[in-house]
1. Within region 294-314, can you find the residues that are in a loop (DSSP other than H, G, I, E, B) and hydrophobic (A, V, I, L, M, F, W, C)?
2. So residue 175 ticks every box in (1) at pLDDT 95 or above; (2) touching a Lys or Arg at 6+ places or on another chain (Cβ under 7 Å) but one. Which box is left unticked?
3. For region 115-144, give me each residue that is surrounded by fewer than 16 Cβ atoms within 10 Å (Cβ to Cβ), farther than 14 Å from residue 13 by Cβ and in contact (Cβ under 8 Å) with a residue 60 or more places away in the chain.
4. Taking region 132-159 only, how many residues are within 13 Å of residue 253 (Cα to Cα) and hydroxyl-bearing (Ser, Thr, Tyr)?
5. Between a first residue in region 159-172 that is assigned by TED's automatic domain parsing to the domain that holds residue 282 and a second residue that is in a helix (DSSP H, G or I) and near ligand 2 (Cβ under 7 Å from one of its atoms), which pairs have beta carbons less than 7 Å apart while being 6 or more apart in sequence or on different chains?
6. Restricting attention to region 320-336, which residues are in a helix (DSSP H, G or I) and surrounded by 13 or more Cβ atoms within 10 Å (Cβ to Cβ)?
7. Among (1) over 29 Å from residue 32 (Cβ atoms); (2) at pLDDT 95 or above; (3) open to solvent by 10 Å² or more (accessible area, probe 1.4 Å), where does residue 251 come up short?
8. Which numbered condition trips up residue 317, out of (1) under 30 Å from residue 228 (Cα atoms); (2) in a helix (DSSP H, G or I); (3) among the β-branched types (Val, Ile, Thr); (4) touching a helix residue (DSSP H, G or I) at 6+ places or on another chain (Cβ under 8 Å)?
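The values are calculated or read from the model by the stated rules, or taken from the named source; none is laboratory data. Small disclaimer: the values here were computed from a predicted structure and weren't measured. Neighbour counts run over all protein chains shown; Cβ positions are idealised from the backbone, glycine included. Note: areas computed on protein heavy atoms with side chains; ligands, DNA, RNA excluded. Shrake-Rupley method; radii C 1.70, N 1.55, O 1.52, S 1.80 Å.
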Amino acid sequence: MESARTPITPYPRGWFLVARSGELRPKQVKTVHYFGQDIVLYRTADGTAHAVDPFCPHLGAHLGHGGKIENDAIRCPFHGWTYDGASGACVHAPEASKTPRVSLRHWHVQEVSGMILVWYHEQGEAPAWRVPEMPEEEGRWTGWMESRWRLRACVQDVVENDIDVAHIPAMHGFSKKIPRVDFTTDGPMMRIDSTLRLELEQFGLWGAIEGPLITRKWGLTVGYIVFTSTLLGFPIGLRTLGNTTPIDEETVDLRLWYSVRRSPIRLLDPLIARQYRRFFDHTVNQDVKIWENKMYRLYPALSDADGPFVAYRRWATQFYSEDEMQRARARARVIG
Ligand code: FES
Ligand SMILES: [Fe+2]
């Protein structure tokens, strides 16, 4: 991207979702497209997920088109060279007197809480941290339901939605006032604590419910939001697990998974889950309209109603190299 619309790089550092765990069965090979390139995902027989660059070092066949899993390795469909899952090193070349000393570029992979994540670093450095299992919540919860968008935006613009509390009453309207937030960070993790007064007209009901809204993020992309409250004496719980992965320099893949706390009346659960999804999808659709058309202001004109935007951006700089931040500053001076 780094266009007139966006001075910052579309590819920050960190862990990014490339598939749900259930989308990659044992011995399956699957091609996905992120960071402007194909990435071949496969799961070896022992259940470990791997991600490699697609083109065989031999004569360049695409491993996602006919590659096969043999135990813990992937075999190229063209001449049968075979590459170790963990290291990417070639371990076998049929009838060659010596095994060629070549490797596939393999991505660092982490599988956690149903997410297959790859590590992106513009210089290829190894992961500096890991994403933990998502927190356990009290009570029993429904399974995740997914909504997904492919949109013209940059990761940074999408993730700043978390801290941009001023747009909630102005655009979404699910709270009539700007929520006050407490923003804390711990290395690559950030947490936003607030109290939300959620207007129930969004759900076709009267009144409002109030409770803690906690947003946590590991890196710029793995985001987890939980809202809890009570309605007519019953505990209510709504949660969203979100991921934003750059597809290429212009577009991102936004995947949100929703789940709600089970109610005492089991029959109601799918209804509550669907309503929550409808509500959240609606707010995201409002955001998408903005994201797809806005520019990214490196130097925004903020007011004191804007929440801790500056602290958030200071935290986010760890996901960009100093060189890239300098380039962004230079570009921002040109595009205003
Ligand atoms: S191109 Fe892969 S083995 Fe020849
Ligand atoms: Fe929003």
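1. Within region 294-314, the subset in a loop (DSSP other than H, G, I, E, B) is 294-308.
Across region 294-314, the qualifying residues are 295, 298, 301, 302, 305.
2. Among (1) at pLDDT 95 or above; (2) touching a Lys or Arg at 6+ places or on another chain (Cβ under 7 Å), the lone unmet condition for residue 175 is (1).
3. Residues satisfying the conditions are 132, 135, 137, 138, 139, 140, 143.
4. 1
5. Correct list of pairs: 161/287; 171/286; 172/283; 172/286.
6. From region 320-336, those in a helix (DSSP H, G or I) are 322-335; that's our starting set.
Result: 324, 325, 327, 328, 329, 331, 332, 335.
7. With respect to (1) over 29 Å from residue 32 (Cβ atoms); (2) at pLDDT 95 or above; (3) open to solvent by 10 Å² or more (accessible area, probe 1.4 Å), residue 251 is out only on (1).
8. Every condition holds for residue 317 apart from (1).
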